[in-house]
């Protein structure tokens, strides 16, 4: 059973003038500008789906400038937005995963049906062992903070709360965890489950 999300969906096919092949750094930078203009700032943390429906291929240079550029833009200026690549075919996912692994980076991808339900999701790219452990811990808990993780893993991961906060922050920067403020503290959730 899929999860219904009330989120923004930005179509790269439509924003890309209905092109089936998205290629090149300059068109990628142009797409970045269109994505920035099209997105609306949310009041609460939420994913924003970058839909590749009807796009047959995208080059690494395009993906670097448009998708990763947009993720970096959101991290710096729209911290409540978490870009997720949606409905990308195997060719696009392979190109994106190669780019992410090359840079030691990661990103969520998903399949969404026409009713807005997420049918499947995965993190592609690279998470180092400590990031993977941290991500899996938050995924299993559905929500966690640094204090909870330190308490739960004090026997196997002998790091302080600051170390856990650093791990969590690095996963937020990659766009695989959401940071939610609860009073003076922060909790973390997977961008998608």
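All of the numbers you see were taken from the coordinates with simple rules; none came from a lab. Everything numeric here is computed off the predicted structure, so don't read it as measured data. When we count neighbours, we look across all protein chains shown, and the Cβ atoms used for this are built from the backbone with ideal geometry, even at glycine.
The table for this structure:
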read-out: Fluctuation leader among 172, 91, 138 - the chain, Gaussian network, Cα springs under 10 angstrom; value: 91
read-out: Cβ-based exposure ranking for 19, 167, 40, in which fewest neighbours within 10 Å come first; value: 40, 19, 167
read-out: Gaussian network model of the chain, springs between alpha carbon atoms under 10 Å - residue of 76, 29, 20 with greatest fluctuation; value: 76
read-out: Gyration tensor (Cα) of the chain, equivalent ellipsoid semi-axes in angstrom; value: 30, 17, 15
read-out: Estimated distance in nm for a label pair at residue 103 and residue 36, the labels positioned 7 Å out from Cα along Cα-to-Cβ; value: 1.6
read-out: Linear extension gain, residue 54 paired with residue 75, 0.36 nm per residue minus alpha-carbon span; value: 4.8 nm
read-out: Simple spin-label estimate for residue 130 and residue 8 in nanometres, 7 Å along Cα-Cβ; value: 3.3
read-out: Long-range tail of P(r) for the range 129-190 (Cα pairs > 15 Å, %); value: 41
read-out: Cβ-Cβ FRET estimate between residue 19 and residue 193, R0 fixed at 35 Å, reported to 0.05; value: 0.60
